[in-house]
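Below you'll find the structure I mean.
The values are calculated or read from the model by the stated rules, or taken from the named source; none is laboratory data. This structure is a prediction, so every number in the text was calculated from the model and none was measured. All Cβ positions, glycine included, derive from the backbone under ideal geometry; neighbour counts span all protein chains shown. These accessible areas exclude ligands, DNA and RNA; they are computed on the full protein's heavy atoms, side chains included. Shrake-Rupley method; radii C 1.70, N 1.55, O 1.52, S 1.80 Å.
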Amino acid sequence: MERIQKIAFGGGCHWCTEAVFLSLRGVVRVQQGFVASDGSNSTFSEAVIVDYDVEHIALETLIAVHLHTHNSTKEHRMRDKYRSAIYTFTEKDAVNAQNLLGVLQKDFEEPLVTRVLPFKKFTPSEKAFHNYYYTDPERPFCTTYIAPKLKLLLAQFSDQVDRNKTGVKA
């Protein structure tokens, strides 16, 4: 098995999702943009592709972080734009992700709406928006929406946060 694996996540704004995953130890790259799957999920939705080192972070940790840092238990009118999903690149990861959703459901009072979908297409966001939070964390959007997600990340997953990589402060 190769050390560097790939998984994609959608759920909220890709600026937020990008900042969360950039903050983790073992994540080697995050690509921000729009992902499409197939069938009724073939439209593009905001998401990130995460390349991670399996020797430093587990798929279960990545999925747990994803579920806790976006509204993974609520359907809402913006779900087409912000699909709650784990996009997988292999059948093995699809099976593992589906099993992990079952295991992690215990952490939530409401049923998870997050779906496991096959990754089909990706379109990157404009380069000006890449690394959105860490290029200027004082932007109003960053302080209002992203900073609270990073505080939650520090509170619930502090042992997984790479403060040197991102400059996240406790």
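If you check G33 against the conditions, is it in contact with a strand residue (DSSP E or B) (Cβ under 8 Å, 6 or more places away or on another chain), among the small types (G, A, S) and modelled with pLDDT of 95 or more? Full working, then the answer.
Values: in contact with a strand residue (DSSP E or B) (Cβ under 8 Å, 6 or more places away or on another chain): yes; among the small types (G, A, S): yes; modelled with pLDDT of 95 or more: yes.
So G33 fits the description; yes.
May I pose another question? Please go through (1) closer than 26 Å to L154 by Cα; (2) at pLDDT 95 or above for Y134 and return the number of the only condition it doesn't satisfy.
Just one mismatch for Y134, condition (2).
Next up: So which of L101, L112, L117 is touching a Lys or Arg at 6+ places or on another chain (Cβ under 9 Å) and either more than 26 Å from Y132 (Cβ to Cβ) or among the aromatic types (F, W, Y) (or both)? Show your work before the answer.
Details: L112 fails: touching a Lys or Arg at 6+ places or on another chain (Cβ under 9 Å); L117 fails: either more than 26 Å from Y132 (Cβ to Cβ) or among the aromatic types (F, W, Y) (or both).
None of the others qualify; the one that does is L101.
Being within 17 Å of the chain's Cα centre (by Cα), more than 15 Å from H14 (Cα to Cα) and among the hydrophobic types (A, V, I, L, M, F, W, C), is that true of even one residue in region 117-138?
Yes - at least one qualifying residue is present in region 117-138.
Something else now. Consider E75 carefully, then state whether it is modelled with pLDDT of 95 or more and more than 21 Å from V30 (Cβ to Cβ). Walk me through how you get there before you give the answer.
Working: modelled with pLDDT of 95 or more: no; more than 21 Å from V30 (Cβ to Cβ): yes.
Criteria not met by E75.
Right, here's the next one. For region 59-72, what are the residues that are modelled with pLDDT of 95 or more and open to solvent by 40 Å² or more (accessible area, probe 1.4 Å)?
The answer is E60, H68.
Same structure again: Search region 69-94 for residues that are in contact (Cβ under 8 Å) with a residue 40 or more places away in the chain and more than 16 Å from N41 (Cα to Cα) and pair each with any residue that is crowded, with 16+ Cβ neighbours inside 10 Å and of a type in the set (S, T, Y) when their beta-carbon atoms are under 8 Å apart and the residues are at least 6 apart or on different chains.
These pairs meet every condition: T69/T17; H70/T17; H70/Y82; H70/S84; N71/S84; S72/S84; S72/T114.
Out of (1) open to solvent by 40 Å² or more (accessible area, probe 1.4 Å); (2) under 30 Å from A128 (Cβ atoms); (3) in contact (Cβ under 8 Å) with a residue 24 or more places away in the chain; (4) part of a loop (DSSP other than H, G, I, E, B), the odd one out for F34 is which?
(4)
Every residue in region 48-68 that is free of Cβ contacts under 8 Å to residues at least 60 places away in the same chain and in a strand (DSSP E or B), please. Please lay out each step first, then the result.
Kept after step one, since they are free of Cβ contacts under 8 Å to residues at least 60 places away in the same chain, are these residues of region 48-68: 48, 50-56, 58-60, 62-63, 66-67.
Once the filter is applied, which keeps residues that are free of Cβ contacts under 8 Å to residues at least 60 places away in the same chain and in a strand (DSSP E or B), region 48-68 yields V48, V50, D51, Y52, D53.
Something else now. Name, by its number, the condition in (1) buried (at least 18 other Cβ atoms within 10 Å of the Cβ); (2) assigned to a helix (DSSP H, G or I); (3) over 10 Å from the mean Cα position of the chain (by Cα); (4) among the small types (G, A, S) that does not hold for S40.
(1)
Let me ask something additional. How many residues does region 98-124 contain that are within 23 Å of H76 (Cα to Cα) and touching a residue at least 40 places away in the same chain (Cβ under 8 Å)? I'd like the intermediate steps shown before the answer.
In the first step, residues of region 98-124 are kept if they are within 23 Å of H76 (Cα to Cα); the result is 98, 101-102, 104-119.
Restricting the remaining residues to those that are touching a residue at least 40 places away in the same chain (Cβ under 8 Å) gives 104, 107-108, 112-115, 117-119.
So the answer is 10.
Which residues, counting only those in region 5-31, are open to solvent by 40 Å² or more (accessible area, probe 1.4 Å) and closer than 20 Å to K121 by Cα?
Of everything in region 5-31, those that are open to solvent by 40 Å² or more (accessible area, probe 1.4 Å) and closer than 20 Å to K121 by Cα turn out to be Q5, K6, W15, R29, Q31.
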